[in-house]
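Data block below; observations after.
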Amino acid sequence: QVQLAESGGGLVQPGGSLRLSCAASGSTSSIKAMGWYRQAPGKDRELVARIPSGGRTNYADSVKGRFTISRDAAKNTVYLQMNNLKPEDTAVYYCNVDSTWSTYWGQGTQVTVSS
């Protein structure tokens with residue numbers, strides 16, 4: 001089993017920045033990829049960014065150039081640096097982990113971008 005602990009959400013003005021963190025614990029040796037998804041009101045959950053173990057990062061087109069995903073393998077932690085935030089970035093952000101046998105989700109953290 002893998003447990004995920006998310007942090008870093010909050011309220012920010014347009015153009016501001018936030019950094020999300022997600023720390024994995026448990027059977028972390030089986031983790032194949034870590035990433036972030038988000039779900040805005042009335043919309044489907046969508047991929048924001050993902051970083052496979054030993055692979056290249058990938059991003060949703062809407063966040064390219066503004067968001068950066070990174071991973072500290074020693075700490076089993078994935079980060080999402082969000083810059084130049086826009087109101088349309090408002091959503092619940094979920095940490096995601098793909099392991100050998102299962103997929104795990106964090107509890108979600110609210111990001112609100114508003115004046």
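No lab work stands behind these numbers, since they all come straight from the coordinates. All values reported here derive from a predicted model rather than from experimental measurement. Here Cβ is always computed from backbone atoms with ideal geometry, including for glycine, and neighbour counts include all displayed protein chains.
For the reader, a short list of remarks on this structure follows.
- Cα lying deepest toward the dipole's positive end in the chain, options Val2, Val78, Tyr94, charges on Cβ: Val78
- At full extension, Gln81 and Asn58 could sit 6.9 nm farther apart than now, given 0.36 nm per residue minus the alpha carbon distance.
- Cβ-placed point charges (K, R +1; D, E -1), dipole of the range 1-70 about Cα centre in debye, nearest 20: 140
- Cα gyration tensor, the chain - rounded (a/c under 1.5), prolate or oblate: prolate
- Ordering Cys22, Val111, Pro41 by Cα displacement along the dipole of the chain toward the positive end leaves Cys22 in first place; charges were set at the Cβ atoms of Lys, Arg (+1) and Asp, Glu (-1).
- Sequence-separation-based contact order of the chain, relative, with Cα cut under 8 Å and 6+ spacing, percent: 36
- A DSSP coil position with no more than 15 other Cβ atoms inside 10 Å describes the following chymotrypsin sites (Phe, Trp or Tyr not before Pro) in the range 6-115: Trp101.
- Angstrom value of the Kirkwood radius, inverse mean 1/r, which spans all Cα pairs in the range 3-51: 13.0
- In sequence order, the range 28-34 has phi-based couplings of 6, 5, 8, 5, 9, 7, 10 Hz under the Karplus curve 6.51 cos²θ - 1.76 cosθ + 1.60, θ = phi - 60°, and Gly or Pro positions carry x.
- Net charge, Asn96 excluded, C-beta distance under 15 Å - Lys, Arg +1, Asp, Glu -1: +1
- Bridgeable lysines around Lys64 (alpha carbons under 23 Å apart, same-chain partners fewer than 8 residues away excluded): Lys32, Lys43, Lys86.
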